[in-house]
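Quick notes on the structure that follows.
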Amino acid sequence: MNAFLRNLSPTHQVAALFLIVFGVLTLVSIATLGVGLRERRNAAHGEAWLRELSDFRALLRTTWFMAVVFWIGWALGPGVATLLFAFIAFFALREFITLSPTRRGDHRSLILAFFMVLPIQFILVGTARFDLFTVFIPVYVFIAIPVVSALANDASQFLERNAKLQWGIMVCVYGVSHVPALLLLSFPGYEGKSAFLVFFLVFVVQTCMVVQHLIARRFAYLPPDEADRARRSMLGRWLAREPFAPNVSRSFNWASWGLGMAIASVVGAAMSFITPFKFGQALAMALIACVAGSMGHLVMKALKRDRGIPNWGQKGVGVTGANGLLDRVDALCFAAPVFFHSVRWYFGL
């Protein structure tokens with residue numbers, strides 16, 4: 001089987017990859033649907049189990065969404081992929097700004113962000129001007145935004161308003177733009193296979209987030225005096241740690257985080273054969289991406305707590321019509337630029 005795949009052209013290899021991914025997702029979706037129908041006909045589990053099933057379905061929908069987006073991007077070519085991610089960045093930024101109060105004096109800055117900064121950033125990506133696109137937002141835009149805001153003659157909460165907009169541009173535009181940029185990296189002897197690099201990034205980050213989520217759900221923290229905790233195994237007691245930052249996330253602790261890092265990094269190392277990396281390099285790159293993605297997810301949780309919302313699209317319905325888009329790509333927004341620059345620096349691309 002391995003020899004057969006190696007003999008395929010790069011295009012056919014990527015197509016085979018997506019065929020396998022969609023096949024696995026289809027089987028998992030059918031199994032989840034069957035479990036849900038059986039539970040409706042003959043309820044055998046409590047509310048906690050049903051909540052876990054609902055959370056798993058949400059993760060499955062997110063995985064489907066990301067798989068379809070990347071398949072469309074690969075099938076239609078790098079140019080269309082860049083345009084597709086530009087639309088994703090647009091709706092993600094719109095969702096972020098909708099939940100961040102603005103004033104009349106911010107209108108010029110918002111027009112600059114949506115209709116000048118965003119298109120220019122993705123044009124620089126599409127034309128592979130990597131040296132410029134990596135500094136365009138952190139340098140030029142971060143200077144231009146407060147200048148435009150000052151010219152609007154509104155000094156009320158000036159620092160807070162500009163910081164919110166700059167942060168939204170950094171996460172939603174700058175972070176997302178690094179995903180299609182991976183498709184344009186040129187590795188010697190790896191021509192036509194850049195989609196594997198994107199798949200590697202998304203798969204290891206998603207694996208890390210899913211593992212952390214499942215561990216946090218399965219081994220929820222219990223106070224020491226509760227009898228249920230005593231009945232758990234030694235591993236269960238070790239994993240059921242007290243949340244490290246409970247005001248930000250009730251499910252984040254160093255034990256589940258470390259196990260998620262370890263499993264996702266090993267998975268990344270095992271996938272080294274589809275990347276230009278050797279085994280050790282794939283392990284290191286997967287670890288870098290997972291650390292950035294998981295910490296970014298925690299940061300976005302802190303922003304949601306600050307805004308007083310459970311998710312960016314409340315109750316599963318996005319306030320901007322994007323259906324909670326930021327909840328689906330928040331980890332990737334942080335992981336993509338760190339992964340891109342790590343790869344480019346290490347391999348001298």
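The values are calculated or read from the model by the stated rules, or taken from the named source; none is laboratory data. On a predicted model such as this, the values are computed, not experimentally measured, just so you know. Cβ: placed from backbone, ideal geometry, glycine included. Neighbour counts: every protein chain shown.
Before moving on, here are some points about what is shown:
- The residue list Ser54, Ser29 contains one member that is among the polar types (S, T, N, Q), closer than 17 Å to Gln206 by Cβ and either at pLDDT 70 or above or surrounded by fewer than 17 Cβ atoms within 10 Å (Cβ to Cβ) (or both), which is Ser29.
- Whichever residue in the stretch 91-136 is under 20 Å from Trp345 (Cα atoms) and of a type in the set (D, E, K, R) and, among such residues, is surrounded by the most Cβ atoms within 10 Å (Cβ to Cβ): Arg129
- Check on Ile123, assigned to a helix (DSSP H, G or I) and farther than 23 Å from Val299 by Cα: yes
- Candidates Asn2, Asn42: the one that is modelled with pLDDT under 75 and closer than 28 Å to Phe187 by Cα is Asn2.
- Spans of helices (runs of 4 or more DSSP H) in the stretch 173-276 with at least 1 residues hydroxyl-bearing (Ser, Thr, Tyr), at pLDDT 85 or above and in contact with a Gly (Cβ under 9 Å, 6 or more places away or on another chain): 194-218
- Test: residue in the stretch 290-310 that is in a loop (DSSP other than H, G, I, E, B), over 25 Å from Ala92 (Cβ atoms) and modelled with pLDDT under 90: no
- Residues that are surrounded by fewer than 23 Cβ atoms within 10 Å (Cβ to Cβ), in contact with a Ser or Thr (Cβ under 8 Å, 6 or more places away or on another chain) and either part of a helix (DSSP H, G or I) or not β-branched (Val, Ile, Thr) (or both) are absent from the stretch 137-145 altogether.
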